1. I'm trying to understand the selection: among the residues of region B:60-105, which are closer than 22 Å to B:Pro6 by Cα and surrounded by fewer than 17 Cβ atoms within 10 Å (Cβ to Cβ)?
2. For the structure I just gave you, tell me whether A:Arg30 is modelled with pLDDT of 95 or more and surrounded by 22 or more Cβ atoms within 10 Å (Cβ to Cβ).
3. Suppose we filter region A:10-27 for residues that are open to solvent by 10 Å² or more (accessible area, probe 1.4 Å) and touching a strand residue (DSSP E or B) at 6+ places or on another chain (Cβ under 9 Å); how many remain?
4. Which residues, counting only those in region A:106-139, are in contact (Cβ under 8 Å) with a residue 60 or more places away in the chain and open to solvent by less than 10 Å² (accessible area, probe 1.4 Å)?
5. Hey, does region A:34-43 have a residue that's in contact with a Pro (Cβ under 8 Å, 6 or more places away or on another chain) and crowded, with 21+ Cβ neighbours inside 10 Å?
6. Residues that are touching a residue at least 60 places away in the same chain (Cβ under 8 Å) and in a strand (DSSP E or B): does region A:49-64 have at least one?
There are 2 protein chains.
Amino acid sequence: MFELDPAFLPTSAALPGLALCEARLQLDARFPWIVLIPRIDRAFELEELTVEERAMLMAEIVAAGEAVRAMGAALGRPVEKLNVGQLGNVTRQLHVHVVGRRADDPCWPGPVWGRGTAATYDPDALEAALAAAAAALLG
Amino acid sequence: MFELDPAFLPTSAALPGLALCEARLQLDARFPWIVLIPRIDRAFELEELTVEERAMLMAEIVAAGEAVRAMGAALGRPVEKLNVGQLGNVTRQLHVHVVGRRADDPCWPGPVWGRGTAATYDPDALEAALAAAAAALLG
């Protein structure tokens, strides 16, 4: 039975679930950022998914990209580039990061993973980001 | 008409082409590493691909993962974790990195992109890596 790795809980907030994945907003105000976690027990690599699950994951990555763009727009910082990463070197449960990037963000042009410290969201900004992401994912 | 961005040429070596993507071995002996570049003119983001192209790309990412595992085995350093990244912050042409990681590699557990300097392959090791990757991709 699938259980979300508790490591995701302090670093992210729940968004509406998708057909395959749990979707979570990464609590780092530096970037509009969604993490997708397929609800598949003991999956660590893409190769462990069925072809159907892989197609669903790809569709949900594209949907998360739209939601990340909606978050960036709601926060007044439109996304210029999407970055997608499936690493899992630290938290092993299979998950995919979808991150909105801008040339003026603090990690550009490097990747965001393992760089610097997460910035705390202002409560109003977090509310706006959650609402924009949820609307995009449900839409 | 699709043309490979020349930025890929000095940093990677050609592997057998796949149905959708050019496949290239990244010339960095620190990691078994393949770059996939879909042969689609002026594509920058996954969302620009058709559903069929996305499914092909996902299949080729999994195939590249197998080839990266074969490279690691041929070099005596079996892959412990796959990392997949689609960034494009510097070289904009849509491309996907598939990288074999080990807990004793020089960037672990961080990502490989933008970290340190590529290590030159020993010619025999490069030949072995190219042969293993090609055999896996053609197999």
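The values are calculated or read from the model by the stated rules, or taken from the named source; none is laboratory data. Note that the structure is a prediction, hence the values are computed from the model and not measured. When we count neighbours, we look across all protein chains shown, and the Cβ atoms used for this are built from the backbone with ideal geometry, even at glycine. Heads up: the accessible areas ignore ligands, DNA and RNA and are worked out on the full protein's heavy atoms, side chains in. Shrake-Rupley method; radii C 1.70, N 1.55, O 1.52, S 1.80 Å.
1. Listed by number, the residues that qualify are B:Val90, B:Thr91, B:Arg92.
2. Numbers: modelled with pLDDT of 95 or more: yes; surrounded by 22 or more Cβ atoms within 10 Å (Cβ to Cβ): no.
Against the criterion (modelled with pLDDT of 95 or more and surrounded by 22 or more Cβ atoms within 10 Å (Cβ to Cβ)), A:Arg30 does not qualify.
3. Qualifying residue count for the region: 12.
4. First, the residues of region A:106-139 that are in contact (Cβ under 8 Å) with a residue 60 or more places away in the chain: A:106-107, A:112, A:116, A:118-122, A:125-126, A:129-130, A:132-138.
Scanning region A:106-139 gives A:Val112, A:Ala129, A:Ala133.
5. Going through region A:34-43, the residues in contact with a Pro (Cβ under 8 Å, 6 or more places away or on another chain) turn out to be none.
Checking region A:34-43: not a single residue is in contact with a Pro (Cβ under 8 Å, 6 or more places away or on another chain) and crowded, with 21+ Cβ neighbours inside 10 Å.
6. The initial filter retains those residues of region A:49-64 that are touching a residue at least 60 places away in the same chain (Cβ under 8 Å), namely A:63-64.
Then keep just the ones that are in a strand (DSSP E or B); that gives none.
Checked against the condition, which is being touching a residue at least 60 places away in the same chain (Cβ under 8 Å) and in a strand (DSSP E or B), region A:49-64 yields no hits at all.
So that you can scan it fast, the table gives a plain yes or no per residue for (1) facing chain B (nearest Cβ under 9 Å); (2) outside any loop (DSSP other than H, G, I, E, B); (3) not polar (S, T, N, Q):
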residue	(1), (2), (3)
A:Met1	no, no, yes
A:Leu4	no, no, yes
A:Pro16	no, no, yes
A:Arg30	no, no, yes
A:Ile34	no, yes, yes
A:Ile37	no, yes, yes
A:Val68	no, yes, yes
A:Val79	no, no, yes
A:Asn83	yes, yes, no
